[in-house]
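As structure tokens, the structure follows; a few thoughts come after it.
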Ligand SMILES: Cc1cc2nc3c(=O)[nH]c(=O)nc-3n(C[C@H](O)[C@H](O)[C@H](O)COP(=O)(O)OP(=O)(O)OC[C@H]3O[C@@H](n4cnc5c(N)ncnc54)[C@H](O)[C@@H]3O)c2cc1C
């Protein structure tokens, strides 16, 4: 791509080519707009992630990208195990199908699919400066891209969010995750069980997610609640063979810390940049794709109406059900993670229980959090109710 000092004009410029950015870019391109997709990395690039790809992710991907899961990229899995340390809480052999993918390949796949729809490739150079007065984005390589609407999909450490609000996220609410990638010996096949351990971290959980050639093992939780996360990971890994002495990688995870107003006027934020991660499961891929799509649709409508500055108003309206669902998930989190609730929650998650079925249905994209509250409410001790009410101010 050219590297001149003159401005290259686009209808929509998208910063970040993860699932949110590729979804935004392809949606805008399908609507007939000129789109630039910017990323500081050249693709394929790695992204720290468990790679659990749920039914809701699949629904969003097929709708937005018009592609489906396939064997080389996705490991299919329908076994799920819930644990609390050494205790197995429950084991489901016929859970709704989930898929597991390596983000390096998955993100490349979405990115190439977006380019195939005519999106202009500006990867390999970081976005350096947003000039809001001139509607112009400056890249590190010297390029200058002008936009009618800018969509920031640049992840949890979002530079676009920082340009608008002074910080990418609230350090008192943000989550953090640590992972190792354990190679599977050549002659062995993956275990094909998705395992979640609710005692591996506070206000979070640990996971073992199989892939075709490796297993991703890690844990994550609200950062301030887990001051000794590295030590917890070391303890957690002793359960899994060949998982010690591997490179540990960490990243912030904005689960539960979404921005009520994700942008300003004609600058929108989507995916992790807008804090759109499920506060219970830590799942972010599905919401990233969905919010990228909604941001692009809002941008397209605003541009068509000759009012790009009203893009945020349209986007906020479109995001309302997502925000509502995240609020419900936050409430649900209050019923499963505080110390007095842990055993109540874990017992309620036993084999064949309605809670377990609903949890799996949420991952499958068949249920919403509002369906699930009552399953726990009937079991909650009064003290916990009081705490929830005081936190919610009701
Ligand atoms: C440890 C961990 C485990 C997780 N496990 C899962 C899981 O199993 N399943 C799940 O659904 N979700 C999981 N998530 C969450 C998921 O990874 C994110 O929610 C998802 O990647 C968000 O997508 P995104 O497109 O918003 O951002 P990202 O995927 O982070 O993409 C952002 C892009 O922006 C680019 N960028 C950043 N700054 C700039 C800049 N200045 N200029 C240009 N480009 C820039 C980056 O290079 C990157 O390509 C996990 C997260 C963590 C941290």
Practice task
Determine whether residue 265 is modelled with pLDDT of 95 or more, under 14 Å from residue 12 (Cα atoms) and assigned by TED's automatic domain parsing to the domain that holds residue 21.
Solution key: yes
Problem - strands (runs of 3 or more DSSP E) completely within the range 1-114 that count 2 or more residues being modelled with pLDDT under 95 and out of contact with any strand residue (DSSP E or B) (no Cβ under 7 Å at 6 or more places or on another chain) - result: none
Practice task
Give, as residue ranges, the strands (runs of 3 or more DSSP E) completely inside the range 151-251 that count at least 2 residues that are free of Cβ contacts under 8 Å to residues at least 40 places away in the same chain.
Solution key: 204-210, 214-222
Exercise for the section: With respect to residue 306, determine if the residue is assigned to a loop (DSSP other than H, G, I, E, B), surrounded by fewer than 24 Cβ atoms within 10 Å (Cβ to Cβ) and assigned by TED's automatic domain parsing to the domain that holds residue 137. Expected result: yes
Completion exercise
With the first residue restricted to the range 36-49 and required to be in the same structural domain as residue 116 (by TED's automatic domain parsing) and touching a residue at least 24 places away in the same chain (Cβ under 8 Å), and the second required to be part of a loop (DSSP other than H, G, I, E, B) and more than 6 Å from the ligand (Cβ to nearest atom), Cβ contacts under 6 Å at 6 or more apart or on different chains are 36/10; 37/119; 42/124
Handout entry: Of residues in the range 269-305 being out of contact with any helix residue (DSSP H, G or I) (no Cβ under 8 Å at 6 or more places or on another chain) and within 13 Å of the ligand (Cβ to nearest atom), the one modelled with the highest pLDDT
Key = 275
Practice task
State whether one or more residues within the range 310-320 are buried (at least 20 other Cβ atoms within 10 Å of the Cβ), touching a strand residue (DSSP E or B) at 6+ places or on another chain (Cβ under 7 Å), assigned to a helix (DSSP H, G or I) and touching a residue at least 60 places away in the same chain (Cβ under 8 Å).
Solution key: yes
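The values are calculated or read from the model by the stated rules, or taken from the named source; none is laboratory data. The model shown is predicted, which means the values in this text are computed figures rather than measured ones. Glycine also receives a Cβ, built like all others from the backbone with ideal geometry; neighbour counts cover every protein chain displayed.
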